[in-house]
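The values are calculated or read from the model by the stated rules, or taken from the named source; none is laboratory data. Computed from a predicted structure; not experimentally measured. Here the Cβ positions follow ideal geometry from the backbone for every residue, glycine too, while neighbour counts run over all protein chains shown.
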Amino acid sequence: MLTLRQRIFAIVGMVIGLAIAAILLYFLFRNKQPSSVETGVISNTQQTGQVDTNPTPIGGGQTSPGQLGAQQFSEDTYLNQLSRIFVERFASFSNQEDNQHVDDVMSLATDSMKTWIEKQLLSPSRTYEGTTTAVLSTYVIEKKDDVASVEVGVQQTISKEQTDKPGVVTTEIQQKTGRVELAKINNEWKVNALYWE
């Protein structure tokens, strides 16, 4: 005869085994609906079958200067994303993280910017101080051949442990604007400068 503990273990084992078997059977035998994905090339053609090389915008009229081609759009998007990543990583730090924020952005920076970044190291401290930065907006201000400027709007949450009350952390929220200067080196965009206004 089995002890009470052995009987409970056997019953629980059978229930779990049945549940696993039911899940496996469900995934194996569920009704798979065939997918009807068509492959092909999508083109903008007129009734004659000719490709329209100068499409009219919806609503008629001329193309506004704000409308960008695919090449321009993707490069501007990339510049905005690179600036966002750099600012959020570099401007989010604490004095107890062993300068991880510096290591996080080194691969995104030019050599001259790396030199400047290395001078921004924080000294470790027993009293906590830290900043969390969230980029709220990015906008390509200027872009020429191999240089670009991106304006960034950020919100920073600055936390400091009170020296007279250990363990009590005060928090302050600030919003500010900055400018990220980028340079294209060997066909790759890198951050060349960061300025806060």
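Could you tell me which of the residues SER149, SER159 is under 21 Å from ALA109 (Cβ atoms) and either at pLDDT 90 or above or surrounded by 15 or more Cβ atoms within 10 Å (Cβ to Cβ) (or both)?
SER149
For THR115, are the conditions met, namely being over 23 Å from the mean Cα position of the chain (by Cα), over 30 Å from THR170 (Cα atoms), assigned to a helix (DSSP H, G or I) and free of Cβ contacts under 8 Å to residues at least 24 places away in the same chain?
Considered against the rule, which asks whether it is over 23 Å from the mean Cα position of the chain (by Cα), over 30 Å from THR170 (Cα atoms), assigned to a helix (DSSP H, G or I) and free of Cβ contacts under 8 Å to residues at least 24 places away in the same chain, THR115 comes out as yes.
For VAL51, state whether it is more than 35 Å from the chain's Cα centre (by Cα), loosely packed, with under 11 Cβ neighbours inside 10 Å, at pLDDT 50 or above and not acidic (Asp, Glu).
In short, no.
Restricting attention to region 144-156, does a residue exist that is of a type in the set (Lys, Arg) and more than 19 Å from ARG89 (Cα to Cα)?
Yes.
Which one is nearest to GLU181 (Cα to Cα) among residues in region 98-112 that are modelled with pLDDT under 90 and exposed (fewer than 15 other Cβ atoms within 10 Å of the Cβ)?
The extreme case among them is ASP103.
Taking region 104-128 as the region of interest, how many residues are acidic (Asp, Glu) and either on the phi > 0 side of the Ramachandran plot or out of contact with any Phe, Trp or Tyr (no Cβ under 9 Å at 6 or more places or on another chain) (or both)? Reasoning before the result, please.
Taking region 104-128 and keeping what is acidic (Asp, Glu), we get 104, 111, 118.
Of the ones still in play, those that are also either on the phi > 0 side of the Ramachandran plot or out of contact with any Phe, Trp or Tyr (no Cβ under 9 Å at 6 or more places or on another chain) (or both) are 111, 118.
Selection size over region 104-128: 2.
Among LYS190, LYS160, which is the only one that is touching a helix residue (DSSP H, G or I) at 6+ places or on another chain (Cβ under 8 Å) and part of a strand (DSSP E or B)?
LYS190
Could you check region 113-130 and list, in sequence order, the residues that are among the charged types (D, E, K, R), surrounded by 15 or more Cβ atoms within 10 Å (Cβ to Cβ) and under 16 Å from LEU194 (Cα atoms)?
LYS114, the sole residue that qualifies.
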